[in-house]
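The values are calculated or read from the model by the stated rules, or taken from the named source; none is laboratory data. Computed from a predicted structure; not experimentally measured. Here Cβ is always computed from backbone atoms with ideal geometry, including for glycine, and neighbour counts include all displayed protein chains. To get the accessible areas, we keep the full protein, side chains included, count just its heavy atoms, and leave off ligands, DNA and RNA. Shrake-Rupley method; radii C 1.70, N 1.55, O 1.52, S 1.80 Å.
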Amino acid sequence: MIESSRFTVIDEAFDCSVCGAEIQPLGYTARDHCNKCLCSLHLDDNPGDRLSNCGGVLEPVGAEQGKKGVKIIYKCKKCGMKKKNIAAKDDDNEMIIKLFGNPIT
């Protein structure tokens with residue numbers, strides 16, 4: 001685990017609580033979402049800190065091209081918070097392409 005003032009890298013295997021897939025560590029940065037269904041959980045206030053009390057499902061609702069690659073846009077199904085995560089190299093590209101067509105409100 002690597003920590004900085006606003007980012008804690010946690011790259012570990014987990015079972016996706018949405019689709020049930022067994023997700024392996026990335027090996028180059030923090031794994032923060034399922035590479036199959038692209039969902040995540042609202043566990044953090046700042047990346048990797050595990051301080052959020054929400055615990056809701058972060059559903060992918062859109063995508064955009066950023067300076068460091070594609071960003072997946074999430075909305076929490078429980079509290080409504082929106083956030084962006086950089087897509088991982090092994091994410092389902094067909095799902096990401098479909099997200100580019102979603103209007104972000």
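A few remarks follow.
- Separation in nanometres of the label points that stand 7 Å from Cα toward Cβ, at Lys84 and Asp49: 2.0
- Solvent-accessible surface of the chain, averaged per residue with a 1.4 angstrom probe and all protein chains in place: 63 square angstrom.
- About its Cα centre, the chain has a charge dipole of approximately 500 debye under the convention of +1 per Lys or Arg Cβ and -1 per Asp or Glu Cβ, with nothing else charged.
- Between the stretch 11-40 and the stretch 52-67, the alpha-carbon center distance in angstrom: 14
- A full extension of the chain between Lys67 and Asp92 corresponds to an added length of 7.0 nm, given 0.36 nm per residue minus the alpha carbon distance.
- Stokes-Einstein diffusion for the chain, with the hydrodynamic radius set to the Kirkwood value over Cα pairs and evaluated at 25 °C in a medium of 0.890 mPa s, equals 175 µm²/s.
- Cα-Cα P(r), the stretch 34-94, percent of pairs per 5 Å interval: 4, 19, 29, 26, 16, 6, 0
- Solvent-accessible area assigned to carbon and sulfur over the chain amounts to 51 percent, based on a 1.4 Å probe.
- Heavy atoms of Val61 accessible to a 1.4 Å probe, total area in Å² rounded to 10: 40
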